[in-house]
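The values are calculated or read from the model by the stated rules, or taken from the named source; none is laboratory data. Please read all numbers here as calculations on a predicted model, not as lab measurements. Positions of Cβ are generated from backbone atoms using ideal geometry, with glycine treated the same way; all protein chains shown enter the neighbour counts. The area values use the complete protein model at the heavy-atom level, side chains included, leaving out ligands, DNA and RNA. Shrake-Rupley method; radii C 1.70, N 1.55, O 1.52, S 1.80 Å.
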Amino acid sequence: MLILILFFSFLVNPFALQSEARFALRGYVRTASGQALGNVRVSLLDENRQTLKTIFSDSTGKYEFRTISRGVYFLRVDMMNTNYENVEQRIELVPLSVTRSEEPVMIDLTVKPKKNAAQGAPPAINFSQSVPDAAQKEYKRGMDNLRARLVEQGVVALKKAIEIFPDYYDALEQLGNFYVEQRDYQNAQPLLLRAVEVNRDGWRAHYGLGIAQFNLHQREQAVNSLRRAVELNAGSVNAYMWLGIVLAQQSDTRMDAIQAFERVVQMAKDDVPDAYFYLGSLYSRNNQYKEAADALEHFLRIAPQVNDKEKIKKLIEQLRQKAKS
């Protein structure tokens with residue numbers, strides 16, 4: 001039946017499916033028992049998992065995204081710092097009508113308690129602010145420009161949003177982390193410092209701040225920031241990866257570094273080959289020669305195009321010999 005409807009729609013107007021279809025994507029965020037979850041962050045991501053829009057559910061748990069084009073998307077519910085798991089759901093928006101300007105699509109999102117969560121514990125309320133309309137408009141303009149790769153215009157708009165409302169967490173965090181991505185750590189640090197002052201539970205701000213501090217040779221501060229990031233978001237592979245990198249710089253935190261990289265490979269499996277390389281180095285320095293050789297062999301299996309492959313093979317042989325003795 002679905003195929004027939006799509007085929008008929010195409011015959012009526014062969015260009016409607018490509019250019020005119022729009023969707024109103026809405027639903028409710030609830031627990032398995034039906035409890036509505038208000039003030040929860042809901043994000044719409046593209047097929048590459050890049051964030052397009054982020055909103056908060058209202059007091060009834062309702063969320064809504066308007067004027068969405070056809071295509072593949074992901075819906076993500078961010079339950080950071082609560083007793084519930086995050087939710088991510090893949091959706092494919094395919095038009096079934098050429099007569100409606102905006103087709104309604106209903107998708108309810110159900111969150112489940114974490115396995116070790118205390119029974120009956122209420123979810124923590126996500127951070128929210130009352131932001132002046134003028135600042136919100138500049139923030140939206142800035143984010144739209146950055147997504148369109150209009151970098152200069154995007155930065156100017158985000159700066160203006162912060163000028164209007166100096167405690168605007170989202171603007172501080174987004175601009176700060178943009179500077180981190182550009183390796184402009186001097187400009188990133190004050191923005192992210194202010195962001196974590198405004199919202200101490202904003203894990204992305206702590207994460208970006210840790211990277212900036214590390215690159216500004218503020219190792220102790222970087223460790224504290226990244227520890228806070230993984231405390232707030234224990235599912236962030238990147239945060240654990242950076243924490244491991246920073247901890248690996250000194251021998252007194254070597255075991256903590258090993259634990260961080262072991263967490264990375266536990267979560268990401270073979271998607272982050274460098275974690276195995278770091279583990280090989282750390283195991284070797286910790287006289288765990290067999291584990292070091294195993295980690296480096298695994299690294300070569302999943303990253304066969306790596307430079308210095310022969311040198312790594314020789315190192316593995318040396319580690320195997322040390323393990324035997």
Residues of region 22-33 satisfying the condition of being open to solvent by 40 Å² or more (accessible area, probe 1.4 Å) and not polar (S, T, N, Q): Arg22, Arg26, Tyr28, Arg30, Ala32
Pro166 being touching a helix residue (DSSP H, G or I) at 6+ places or on another chain (Cβ under 9 Å), modelled with pLDDT of 95 or more, more than 22 Å from Leu216 (Cβ to Cβ) and not small (Gly, Ala, Ser): yes
Unmet requirement for Val306, which otherwise passes all of (1) open to solvent by 30 Å² or more (accessible area, probe 1.4 Å); (2) among the hydrophobic types (A, V, I, L, M, F, W, C); (3) in contact with a Leu (Cβ under 8 Å, 6 or more places away or on another chain); (4) part of a helix (DSSP H, G or I): (4)
Failed condition for Arg183, given (1) under 23 Å from Ser128 (Cβ atoms); (2) at pLDDT 90 or above: (1)
Residue within region 269-277 that is hydrophobic (A, V, I, L, M, F, W, C) and farther than 24 Å from Gln221 by Cβ present: yes
Failed criterion for Trp203 (all others in (1) at pLDDT below 90; (2) out of contact with any helix residue (DSSP H, G or I) (no Cβ under 6 Å at 6 or more places or on another chain) hold): (2)
Residue count for region 67-79, restricted to those that are touching a Lys or Arg at 6+ places or on another chain (Cβ under 8 Å) and over 15 Å from Asp108 (Cβ atoms): 7
Odd one out for Glu291 among (1) within 28 Å of Leu216 (Cβ to Cβ); (2) in a helix (DSSP H, G or I): (1)
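Every residue, every condition in (1) surrounded by 13 or more Cβ atoms within 10 Å (Cβ to Cβ); (2) farther than 19 Å from Glu197 by Cα; (3) touching a residue at least 60 places away in the same chain (Cβ under 8 Å), yes or no:
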| position | (1), (2), (3) |
| --- | --- |
| Ser130 | no, no, no |
| Gln136 | yes, yes, no |
| Leu150 | yes, yes, no |
| Tyr169 | yes, no, no |
| Leu172 | yes, no, no |
| Asn177 | yes, no, no |
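Results for (1) open to solvent by 60 Å² or more (accessible area, probe 1.4 Å); (2) among the charged types (D, E, K, R); (3) out of contact with any Gly (no Cβ under 6 Å at 6 or more places or on another chain), shown as yes or no for each residue.
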position: Arg194; (1), (2), (3): yes, yes, yes
position: Glu197; (1), (2), (3): yes, yes, yes
position: Arg204; (1), (2), (3): yes, yes, yes
position: Glu220; (1), (2), (3): yes, yes, yes
position: Arg228; (1), (2), (3): no, yes, yes
position: Ala234; (1), (2), (3): no, no, yes
Filtered residues of region 37-49 (kept if under 18 Å from Gln89 (Cβ atoms) and either in contact (Cβ under 8 Å) with a residue 24 or more places away in the chain or surrounded by 13 or more Cβ atoms within 10 Å (Cβ to Cβ) (or both)): Leu37, Val40, Arg41, Val42, Ser43, Leu44, Leu45, Asp46, Glu47, Arg49
Yes/no for Gly208 being open to solvent by less than 30 Å² (accessible area, probe 1.4 Å) and closer than 26 Å to Lys322 by Cβ: no
